[in-house]
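Below is one structure, written out as structure tokens; comments come after it.
The values are calculated or read from the model by the stated rules, or taken from the named source; none is laboratory data. Note that the coordinates shown come from a computational prediction; the quantities given were computed from them, not determined experimentally. Quick reminder, even Gly has a Cβ in these numbers, built from the backbone with ideal geometry, and neighbours come from all protein chains shown.
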Amino acid sequence: MATVTPAAVFPVTGTQVTSPPYSGTFIPTIWSSKLNIKFYAATTFGDVSNTNWEGDVKSMGDKVIITNIPDITIGVYSVGGTLNIQVPAPTIIELQIDKGYYFCVNISDVMEYQAQPNLMDMFTTDAANQMKIAVDAECFLGVATGAHANNVGATAGILSGAYNMGTDLAPIVPVSTAGDVNNILTKITQMSSILDEQNVPETDRFLLITPYERNLLMSTNLAQAQFMGDATSIVRNGKIGRIDRFDVYVSNLLPKAAAGQAYPTVVGGTGTAVGSALKRHALFAGHKSAWTFASQINKVETLPNHLDFGQIVRGLVVYGRKVVKPEGYVILQVAG
């Protein structure tokens with residue numbers, strides 16, 4: 001029997017070219033099971049707002065009717081006098097579930113096979129964190145207006161009008177210098193006094209600052225343990241915790257804008273300003289009753305990708321937020 005050579009069966013008619021050129025050495029690619037850590041902005045809006053009506057939310061477009069307790073008129077009584085009968089008329093607030101974010105990613109069969117990490121878990125976890133950041137930034141932007149007229153501006157304080165909370169044209173430049181009118185601790189205690197003048201409860205108060213103000217606080221006499229009402233100095237334990245009845249939160253998602261300009265539309269959930277340098281930002285101090293928040297994950301689902309080999313994973317979150325007690329929070333306009 002004649003010997004058949006490969007060349008006789010598959011004759012070589014030309015030189016095969018690969019791109020990039022084949023080195024002659026097979027180098028396999030191995031996907032590591034160790035994920036590169038990703039950092040996320042801290043989300044805090046859900047911690048500083050109430051969720052009293054979240055259970056009433058079903059889907060996007062829902063409307064929750066919130067009834068406010070009316071003020072009852074108190075009259076002076078005299079024997080034999082006529083009593084004035086009051087008919088209380090409660091006011092209502094509508095919480096509209098009209099906002100939403102989604103994610104939609106493709107999990108390629110090839111990538112899933114080659115990757116040691118679980119790609120579906122990895123992608124959906126990242127998407128969930130990104131949506132939390134987007135929601136937080138939008139919510140803080142939404143409450144950057146809406147505070148009581150006596151809780152903002154250069155003459156804040158419904159009784160005294162004595163506190164300068166800054167304006168969009170003239171934001172406060174906070175300092176750590178003791179005795180300075182714009183000392184950061186002084187401004188925080190002024191925000192507390194503004195809430196006191198509005199008869200806001202002392203419990204469940206919050207303070208929202210940025211890392212910049214936190215750094216200023218660490219340089220003030222906040223380091224004295226007696227101010228904190230604690231036996232341990234903040235310098236030693238590195239934790240802010242509470243300041244003058246406030247639970248303190250640090251966030252990079254507070255609204256930012258150029259001086260004299262309105263806060264811009266949130267871009268990509270980051271809360272950054274559009275088309276101008278950042279020259280001011282808002283700090284908030286208030287009570288959890290001031291804002292309400294309702295969120296509902298409508299659906300997370302997988303379906304075959306009809307354009308490729310793989311699965312599409314997509315999810316949707318819908319939510320609503322509302323200022324329900326304008327007198328319950330203070331806005332401090334800060335330069336920087």
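Cβ-Cβ contacts under 8 Å between residues 6 or more apart (or on different chains), taken from a first residue in segment 155-184 that is in contact (Cβ under 8 Å) with a residue 24 or more places away in the chain and at positive phi to a second residue that is surrounded by 18 or more Cβ atoms within 10 Å (Cβ to Cβ) and among the aliphatic types (A, V, I, L, M), are listed as Gly157/Ile194; Gly166/Ile172; Gly166/Leu332; Gly166/Val334. Thr265 satisfies every condition listed in (1) at pLDDT 75 or above; (2) in a loop (DSSP other than H, G, I, E, B); (3) polar (S, T, N, Q) except (1).
For segment 190-212, the set of residues classified as out of contact with any strand residue (DSSP E or B) (no Cβ under 6 Å at 6 or more places or on another chain), surrounded by 16 or more Cβ atoms within 10 Å (Cβ to Cβ) and among the β-branched types (Val, Ile, Thr) consists of Thr210 only. When restricted to residues that are aliphatic (A, V, I, L, M), over 21 Å from Leu169 (Cα atoms) and at pLDDT below 90, segment 276-297 contains 2.
If you check Ala127, Ala147 for being under 13 Å from Gly286 (Cα atoms) and in contact with a Phe, Trp or Tyr (Cβ under 6 Å, 6 or more places away or on another chain), only one passes: Ala147.
Per the listing Val334, Val317, Val300, the residue uniquely surrounded by 21 or more Cβ atoms within 10 Å (Cβ to Cβ), over 22 Å from Gly146 (Cβ atoms) and modelled with pLDDT of 80 or more is Val317. Considering only segment 303-314, state which residues are assigned to a strand (DSSP E or B) and surrounded by fewer than 16 Cβ atoms within 10 Å (Cβ to Cβ). Passing the criteria: Leu303, Pro304.
Taking the numbered list (1) more than 26 Å from Gly260 (Cα to Cα); (2) in a loop (DSSP other than H, G, I, E, B); (3) at pLDDT 95 or above in turn, Ser193 passes all entries but (2).
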